[in-house]
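Each remark here refers to the structure printed beneath this line.
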Amino acid sequence: MLILGIDTSCDDTSLAVMRYDKKERRFEILSNIISSQIKAHVEYGGIVPEIASREHLKNITAVYRMALEKASVNAADIDLIAVTAGPGLTGSLIVGYTFAKGLALANKKPFITVDHIKAHTAANFMEPYNIGYPAVALTISGGHSSLSVLESPIESKFIGGTIDDAVGELFDKVARYLNLPYPGGPVLDRMSKDGELKYKLPKPLINEDNYNFSFSGLKTAVITFTKQNKDFELPHLAYSMTRSICDVFVKKIDKAAREFHAKTILLSGGVACNSMIREAVRELGAKRKVEVVMPPPILCTDNGVMIAILGTLNYLYSENKNTKNSDVYPTTRW
Ligand code: KG4
Ligand code: ZN
């Protein structure tokens, strides 16, 4: 079975062609094309929604053609078209959604919409049924920080998330304040490698008896710290801030893993590229003897592969009719 996955939720126009072997229950990536818009947004220090939707519109047909060509398939060979319905930027979502819907109608192909956050987790499912369940999944990105428990690849229950800024937003906004290039996450990650735990920063909600996160206070604390300590060193600041984030994530994942008897911890989303966070979660898994699975960095940031995977699994195995051939319009639950 061949699947086309499309994501235009934010600033990347991402299309992938995947093969799914139903007997082996295994996915294979035939192409994964990501057209980044970073250059168009960099001078603004963040994503400008209006520019993002125009860029998607400009690029999507070329990216689609490249995805088919790289996979050596024709439009007629595709068996299912999967696209992100939300959460994301409304204008950007609509470009991907209408493109996918048009392709489905023109080529008489089944069409399915998927949830972007759940799809990030699905980037771990190249072999979805080889993972031990229940699994605790942390999805951390520019727009979301969410913790869920999965009973299977397609049955997930949200147990907590950010009550204000997402963790990627924290990285990007702190970087912008410090006049570092956008996106700030990768830049602060590189800097933290030369840093040490020198500055004491808060660990929001770490001891609360729930699975919520809050990062806007940490952002304010970091900015206040830099105003009060003019001679601060950037690597130490990047390290100390990321250490606070790691400690919060480790504590909450550990609590969830124990409460829900997790066999696996799944990490995903753009911020899951972060080297300190990857290491901290791996250490937790080793300590608690729970398997840890995380995608390679190229499948952590937005991509069409994860959309194709979740679309296929929902299409083939979900009992929930709302997710089958659904006509859900893009939403703005960002
Ligand atoms: O998943 P993604 O591509 O888009 C959303 O769904 O938001 O995530 C983008 C976010 C940005 O905030 C970016 O700064 C962050 O992921 N990011 C990182 C790293 N690489 C990307 N954050 C921390 N460390 C990184 N290495
Ligand atoms: Zn994302």
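The values are calculated or read from the model by the stated rules, or taken from the named source; none is laboratory data. Worth saying up front: this structure is predicted, and the values here are computed from it rather than measured. Cβ atoms come from the backbone with ideal geometry, glycine included; neighbour counts cover every protein chain shown. These area figures cover heavy atoms from the full protein model, side chains too; ligands, DNA and RNA do not enter into them. Shrake-Rupley method; radii C 1.70, N 1.55, O 1.52, S 1.80 Å.
Here are the numbers:
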| quantity | calculated |
| --- | --- |
| Estimated [θ] at 222 nm from DSSP helical runs (n ≥ 4, -39500 (n - 2.57)) normalised by residues in the chain, nearest 500 | -13500 deg cm²/dmol |
| Restricting segment 157-233 to chymotrypsin sites (Phe, Trp or Tyr not before Pro) in coil, as DSSP defines it, with at most 14 other Cβ within 10 Å | none |
| Sites Arg54 and Lys230 - FRET efficiency at Förster radius 51 Å, r taken between beta-carbons, to 0.05 | 0.80 |
| Per residue accessible area in Å² of the chain, where ligands, DNA and RNA are left out and the probe is 1.4 Å | 44 Å² |
| Top of Ala85, Ala71, Ala308 by mean-square fluctuation, Gaussian network on the chain, Cα under 10 Å | Ala71 |
| Local net charge near Gln37, Cβ-Cβ under 9 Å (Lys/Arg +1, Asp/Glu -1) | -2 |
| Percent carbon-and-sulfur accessible area, the chain, ignoring ligands, DNA and RNA, probe 1.4 Å | 51 percent |
| Cα-Cα over 31 Å, subset of Lys39/Lys287; Lys157/Lys289; Lys200/Lys252 | Lys39/Lys287 |
| Segments 101-108, 235-242 sorted - mean Cβ within 10 Å per residue, highest first | 235-242, 101-108 |
| Value of relative contact order over the chain, rounded to a whole percent, pairs C-alpha under 8 Å and six or more apart | 25 percent |
| Spin-label zone in segment 1-29 - amide nitrogen under 18 Å from a point set 7 Å from the Cα of Asn74 along the C-beta vector | 1-4 |
| Sum of side-chain charges, Asp247 neighbourhood, beta-carbon under 11 Å (Lys, Arg +1; Asp, Glu -1) | +3 |
